[in-house]
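Chemist: Before anything else, here's the structure in question.
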Amino acid sequence: MGRAISRALLNYLLLILLVALISGIGIKDYQFYRADMDFSLLPSAERAVVEANASSLGMDPYDYYMSFVAPKDYPTLAMNPLHAGLYVLYHSLFDPDYDYPIPRKLMVARTLALILLAEAIIVLIGFPLAKFSLRKRRLRSAVRFLARVFNGLPVWAVAALFSLLIIMSALPNYLINGLGSSTSLARNLAYMAFPLVSIVLVALWEFVEALVILLRDEFGKEYVRAKRAMGLPERRVERHALRAVMPSFLGFLFQHFVEVSTLALVVDAFFGLFGLGKMLQWGFRISGDLYTLDPDVFFYPLAVFMVVNFFALLAVTALSELLAPGGGGVEA
């Protein structure tokens, strides 16, 4: 187990470094853009000081400003891209400049609740549906068709249809007007109903199709046919096969969890759930040719998901090793 966890940690470390590098390139580009604008708008008195200091060093005023003045307000300008990315991820997570009305912990809690509820519903519906599809060819064909349809249908389109349904029906409009800072459990769960349905409707069918393929391959193996030939009850044979397929299923479940997390961000922003999807909207705004990036707000959801996915990956790796043949679990 130790080797598998070490390998997972190494792979995730490489992923973190890649994300940090891309983030660093982005934040350095944005802060250079802001510093360039600041230089063009310098008051005459400050420009004269910059020009005098630059002249004393034999430098161009613009180069002097970007090298010595701008980094005081935009520290990533003096860093390499990897350092800048790690700096902005750490700063957004542990030492942010945050002045928005909704507490960050509440936004994280809403998003994680939406993701976990959606994933739990998909698993609870998907497992029995996949087992039933193994026995019913028509149902298996219907699942395959629905998976193709919803793979090509963006989740925001489903959310838009539900929004129109709310507007045109007797349902209360507050379900799409934005949840705000409400901490009422009943109101939060009621508001999550349509976001949950949107995610489940889009993500369920691909999950079921993949699970059908996984189970069909496992039930077709020689050891399963041998157990049936021995006269073992079908329920016991199924239990053996399900246990054998569990490590592969957990790996797939982790990937699906990441996909559902992405859908949750889109649906959250669309319905105004005021979770991490809304925070991404706050952190990056475009107005005409100008764009505004608030690093401590924009990169916070990314940092949160890096932490959450890290612990999810550790849990999945440990369970997969325990459930694998010879991994220390109960024999199949």
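The values are calculated or read from the model by the stated rules, or taken from the named source; none is laboratory data. This is a predicted model, so every value here is computed, not measured. Here Cβ is always computed from backbone atoms with ideal geometry, including for glycine, and neighbour counts include all displayed protein chains. For accessibility, only protein heavy atoms count, side chains too; no ligands or nucleic acids. Shrake-Rupley method; radii C 1.70, N 1.55, O 1.52, S 1.80 Å.
Chemist: Need pairs with beta-carbon distance below 8 Å; first residue closer than 20 Å to Leu204 by Cα and within the range 153-178, second open to solvent by less than 70 Å² (accessible area, probe 1.4 Å) and among the hydroxyl-bearing types (Ser, Thr, Tyr); sequence gap 6+ or separate chains.
Modeler: Within 8 Å, the pairs are Val155/Ser198; Val158/Ser198; Ala159/Ser198; Phe162/Ser198.
Chemist: Looking only at the range 111-150, count how many residues are farther than 16 Å from Phe257 by Cα and out of contact with any Ser or Thr (no Cβ under 6 Å at 6 or more places or on another chain). Before the answer, list the steps.
Modeler: Applying the first criterion (farther than 16 Å from Phe257 by Cα) to the range 111-150 yields 128-150.
Add one more test, that the residue is out of contact with any Ser or Thr (no Cβ under 6 Å at 6 or more places or on another chain), and what stays is 128-138, 141-142, 144-150.
Looking only at that region, the number is 20.
Chemist: While we're here: Do you know which residues across the range 61-81 are open to solvent by less than 80 Å² (accessible area, probe 1.4 Å) and outside any helix (DSSP H, G or I)?
Modeler: Tyr74, Met79
Chemist: Now for a separate question. Do we have any residue at all in the range 230-244 that's surrounded by fewer than 18 Cβ atoms within 10 Å (Cβ to Cβ) and modelled with pLDDT of 85 or more?
Modeler: Scanning the range 230-244, I find no residue that is surrounded by fewer than 18 Cβ atoms within 10 Å (Cβ to Cβ) and modelled with pLDDT of 85 or more, so the answer is no.
Chemist: Something else: Residue by residue through the range 91-101, note down the ones that are free of Cβ contacts under 8 Å to residues at least 12 places away in the same chain and assigned to a helix (DSSP H, G or I).
Modeler: Phe94
Chemist: Separate question: Would you point out the residue of the range 140-180, among those that are among the polar types (S, T, N, Q) and assigned to a helix (DSSP H, G or I), that is modelled with the lowest pLDDT? Can you show your working first?
Modeler: Taking the range 140-180 first, the residues among the polar types (S, T, N, Q) are 141, 151, 163, 169, 173, 177.
Subset that is assigned to a helix (DSSP H, G or I): 141, 151, 163, 173.
Values: Ser141: 92, Asn151: 85, Ser163: 83, Asn173: 71.
Among them, the one singled out is Asn173.
Chemist: Could I ask something else about it? Would you tally the residues in the range 214-229 being of a type in the set (A, V, I, L, M, F, W, C) and loosely packed, with under 13 Cβ neighbours inside 10 Å? Explain how you work it out, then say what you get.
Modeler: Of the residues in the range 214-229, the ones of a type in the set (A, V, I, L, M, F, W, C) are 214-215, 219, 224, 226, 229.
Then drop every residue that is not loosely packed, with under 13 Cβ neighbours inside 10 Å, which leaves 226, 229.
Adding up the residues that qualify gives 2.
Chemist: Could you list all residues from the range 221-280 that are touching a Phe, Trp or Tyr at 6+ places or on another chain (Cβ under 7 Å) and of a type in the set (S, T, N, Q)?
Modeler: Just the residues of the range 221-280 that are touching a Phe, Trp or Tyr at 6+ places or on another chain (Cβ under 7 Å), to begin with: 241, 256, 261, 266, 270-271, 273, 279-280.
Correct list: Ser261 only.
Chemist: Whether any residue in the range 102-121 is β-branched (Val, Ile, Thr), in a helix (DSSP H, G or I) and touching a Phe, Trp or Tyr at 6+ places or on another chain (Cβ under 8 Å) is what I want to check. Even if it seems obvious, please write down each step before you answer.
Modeler: Residues of the range 102-121 that are β-branched (Val, Ile, Thr), as a first pass: 102, 108, 111, 115, 121.
Next cut, in a helix (DSSP H, G or I) only: 108, 111, 115, 121.
The next check asks that each one be touching a Phe, Trp or Tyr at 6+ places or on another chain (Cβ under 8 Å); those that pass are 115.
The answer is yes; a qualifying residue exists.
Chemist: Just give me the residues in the range 1-15 being at pLDDT 90 or above and in contact with a helix residue (DSSP H, G or I) (Cβ under 7 Å, 6 or more places away or on another chain), in sequence order.
Modeler: none
Chemist: What is the one condition in (1) open to solvent by less than 30 Å² (accessible area, probe 1.4 Å); (2) farther than 30 Å from Asp97 by Cα that Gly58 does not satisfy?
Modeler: (1)
Chemist: Quick check on the range 26-41. Is at least one of its residues in a helix (DSSP H, G or I), open to solvent by 70 Å² or more (accessible area, probe 1.4 Å) and touching a residue at least 12 places away in the same chain (Cβ under 8 Å)? Give the derivation first.
Modeler: First pass over the range 26-41, keeping only residues in a helix (DSSP H, G or I): 26-40.
With open to solvent by 70 Å² or more (accessible area, probe 1.4 Å) added as a condition, the list becomes 29, 32, 34, 40.
Okay, now just the ones that are also touching a residue at least 12 places away in the same chain (Cβ under 8 Å), so 32, 34.
Scanning the range 26-41, I find at least one residue that is in a helix (DSSP H, G or I), open to solvent by 70 Å² or more (accessible area, probe 1.4 Å) and touching a residue at least 12 places away in the same chain (Cβ under 8 Å), so the answer is yes.
Chemist: Could you give me the residue pairs with C-beta distances under 9 Å whose first residue belongs to the range 307-318 and is within 17 Å of Leu112 (Cβ to Cβ), whose second residue is at pLDDT 90 or above and among the small types (Gly, Ala, Ser) wherever it lies, and which are 6+ apart or on separate chains?
Modeler: From residues that are within 17 Å of Leu112 (Cβ to Cβ), the pairs are Val308/Ser261; Asn309/Ser261.
Chemist: The conditions are (1) within 24 Å of the chain's Cα centre (by Cα); (2) modelled with pLDDT of 85 or more, and Phe132 fails exactly one of them. Which is it?
Modeler: (1)
Chemist: Only one of (1) over 30 Å from Thr183 (Cα atoms); (2) without any contact (Cβ under 8 Å) to a residue 40 or more places away in the chain fails for Ile22. Which number is that?
Modeler: Answer for Ile22: the failing condition is (2).
Chemist: Same structure again: Quick check on the range 130-138. Is at least one of its residues open to solvent by 90 Å² or more (accessible area, probe 1.4 Å) and hydroxyl-bearing (Ser, Thr, Tyr)?
Modeler: First, pick out the residues of the range 130-138 that are open to solvent by 90 Å² or more (accessible area, probe 1.4 Å): 132, 135-138.
Retained after the next criterion (residues that are hydroxyl-bearing (Ser, Thr, Tyr)): none.
Scanning the range 130-138 turns up no residue that is open to solvent by 90 Å² or more (accessible area, probe 1.4 Å) and hydroxyl-bearing (Ser, Thr, Tyr).
Chemist: Among the candidates Gly275, Gly283, single out the residue that is without any contact (Cβ under 8 Å) to a residue 60 or more places away in the chain, small (Gly, Ala, Ser), surrounded by 20 or more Cβ atoms within 10 Å (Cβ to Cβ) and over 21 Å from Leu211 (Cα atoms).
Modeler: Values: Gly275 fails: without any contact (Cβ under 8 Å) to a residue 60 or more places away in the chain.
After applying the criteria, what remains is Gly283.
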